[in-house]
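What follows is one structure encoded as structure tokens, with my remarks underneath.
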Amino acid sequence: MAFAHSTEASLSPLEKLIHDLLVRWFRNSGWTISGNLPSDPKFVIMGASHTSNWDFLVFLGAVHALGRQVHFIGKKSLFRWPIGGFMRALGGIPVDRNARQDIVSQVVDQFNAHDRFILVIAPEGTRSRTKDWKTGFYQIAMKAGVPIVAAGPDFPTRRGVFGPVIHPSGDYGADLKPAFAFFRSLTPRHPERAAFPDLN
């Protein structure tokens, strides 16, 4: 039910419209990009700190502005008529929380089914302050055999910043130390909501 595209030429008319609108919004809103995405055809973007609804648009806009397609996961009910087609064109991947197969395995199947696939996940799982970050993004990257790219918005400078590329080894704490150092260098829209797990 998901899709993956490697070039703008392969987009459907609705996907092309969404791509153009995202890039136009990103640039006209004064956002710029620092860093770059790896050339790998498949990877997980670990997006943080996630403190506002605007973060999602910044993540999507930044990736689209670099000419890449990006996907996100959402509960299956969001992909029904009348907005199902739009959600898929935006890059949404429906997951069934009641399925026999767990969500991590469902997403890994999407990586395995495509030659090119970029997935963005906000590990906090909420816009509220929390140190209890989810580890699903890490499990997905491990099982799919793909790297993790740390990325986040810096609102004072209006930059979408791509940071360290992490190749997960199975040692979560050691692997993610560079990512958390990177996230602490950015200022989200609501800094008071930003919090980080204790990796010690």
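Table for the structure above
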item: Any hit, region 92-106, residues being within 21 Å of ARG189 (Cα to Cα), touching a residue at least 40 places away in the same chain (Cβ under 8 Å) and of a type in the set (A, V, I, L, M, F, W, C); result: no
item: All positions within region 65-124 that are assigned to a loop (DSSP other than H, G, I, E, B) and more than 21 Å from ILE148 (Cα to Cα); result: ARG80, TRP81, PRO82, ILE83, ASP96, ARG97, ASN98, ALA99, ARG100, GLN101
item: Unique match (being of a type outside the set (Lys, Arg), in contact with a Phe, Trp or Tyr (Cβ under 7 Å, 6 or more places away or on another chain) and modelled with pLDDT of 90 or more) among ASN36, ASN112; result: ASN36
item: Selected residue [out of contact with any helix residue (DSSP H, G or I) (no Cβ under 6 Å at 6 or more places or on another chain) and in a strand (DSSP E or B)] from ALA195, ALA151, ALA141; result: ALA151
item: Hits in region 33-54 - residues which are in contact with a strand residue (DSSP E or B) (Cβ under 7 Å, 6 or more places away or on another chain), farther than 17 Å from PHE196 by Cα, small (Gly, Ala, Ser) and not in a strand (DSSP E or B); result: GLY35
item: Residues of region 168-184 satisfying the condition of being touching a strand residue (DSSP E or B) at 6+ places or on another chain (Cβ under 8 Å) and either in a loop (DSSP other than H, G, I, E, B) or acidic (Asp, Glu) (or both); result: PRO168, ASP175
item: Some residue of region 103-117 being surrounded by fewer than 20 Cβ atoms within 10 Å (Cβ to Cβ) and among the acidic types (Asp, Glu); result: yes
item: Verdict on ALA62 being part of a helix (DSSP H, G or I), crowded, with 20+ Cβ neighbours inside 10 Å and not acidic (Asp, Glu); result: yes
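This table checks each residue for (1) farther than 18 Å from GLY136 by Cβ; (2) in contact with a Ser or Thr (Cβ under 8 Å, 6 or more places away or on another chain); (3) surrounded by fewer than 20 Cβ atoms within 10 Å (Cβ to Cβ).
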residue	(1), (2), (3)
LEU21	yes, no, yes
ILE33	yes, no, yes
PHE43	no, no, no
MET46	no, no, no
SER49	no, no, no
GLN69	yes, yes, no
PHE79	yes, no, yes
GLY85	yes, no, yes
ARG100	no, no, yes
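The values are calculated or read from the model by the stated rules, or taken from the named source; none is laboratory data. Note that the structure is predicted; figures quoted are calculated from it, not measured. Here the Cβ is made from the backbone with ideal geometry for all residues, glycine too, and neighbour counts use every protein chain on show.
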